[in-house]
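The values are calculated or read from the model by the stated rules, or taken from the named source; none is laboratory data. These numbers were taken from a predicted model, which means no experiment stands behind them. Backbone-built Cβ (ideal geometry, glycine too); neighbour counts: all protein chains shown.
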């Protein structure tokens, strides 16, 4: 039997307590629902302020309302991640710029995308940071991530064929 290739996906935001752990949770939820085991999914932040912390409680509650459980702990981006992951998805253009600046090899730069790159509804848009916003901002983030992660999963599965 042929061994299934594992695609490694990393979501990156500023502190790894809102957008990137939500994206990680959404994609894990979607792959589980689809019975798809070909992805390893993680998230991290550019900054180290929240290393070891659980996702923001408001983000956890918003995700939980949709049956998505956020279980990761914040970690900081490491340069080794450029070699470790197949897709590195940035929440906004500032993070995208920082990742491009740190990526020294062409093959590393080719792995970097906005989180919404594979979205049908939000392609090319930044996922807004909901941290200082009202509760409804967390719903918008999950809406954007569900659409984007559905598109990403479709892309990954088509690339396997």
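Looking at 88, 95, which is the one that is modelled with pLDDT of 95 or more, crowded, with 18+ Cβ neighbours inside 10 Å, under 18 Å from residue 16 (Cα atoms) and in contact with a helix residue (DSSP H, G or I) (Cβ under 8 Å, 6 or more places away or on another chain)? It would help to see each step written out before you state the result.
Values: 95 fails: in contact with a helix residue (DSSP H, G or I) (Cβ under 8 Å, 6 or more places away or on another chain).
After ruling out the rest, the residue left standing is 88.
The residue that is farthest from residue 75 (Cα to Cα), counting only those in segment 29-41 that are in contact with a strand residue (DSSP E or B) (Cβ under 7 Å, 6 or more places away or on another chain) and free of Cβ contacts under 8 Å to residues at least 40 places away in the same chain, is 40. Across segment 125-161, the number of residues qualifying as in a helix (DSSP H, G or I) and more than 29 Å from residue 38 (Cα to Cα) comes to 2. Can you tell which of 101, 135, 126 is at negative phi and under 17 Å from the mean Cα position of the chain (by Cα)? Sole residue among the options that is at negative phi and under 17 Å from the mean Cα position of the chain (by Cα): 126. Report yes if residue 112 is touching a strand residue (DSSP E or B) at 6+ places or on another chain (Cβ under 8 Å), under 14 Å from residue 46 (Cβ atoms), surrounded by 14 or more Cβ atoms within 10 Å (Cβ to Cβ) and touching a residue at least 40 places away in the same chain (Cβ under 8 Å), otherwise no. In short, no. Scanning segment 97-109 for residues that are outside any helix (DSSP H, G or I) and either touching a strand residue (DSSP E or B) at 6+ places or on another chain (Cβ under 9 Å) or closer than 20 Å to residue 140 by Cα (or both) yields a total of 1. Within the set 145, 121, the sole residue that is exposed (fewer than 15 other Cβ atoms within 10 Å of the Cβ), under 25 Å from residue 60 (Cα atoms) and in contact with a helix residue (DSSP H, G or I) (Cβ under 8 Å, 6 or more places away or on another chain) turns out to be 121.
Taken over segment 102-132, the criterion of being farther than 17 Å from residue 10 by Cβ and at pLDDT 95 or above is satisfied by 106, 119, 120, 121, 122, 123, 124, 125, 126, 128, 129, 130.
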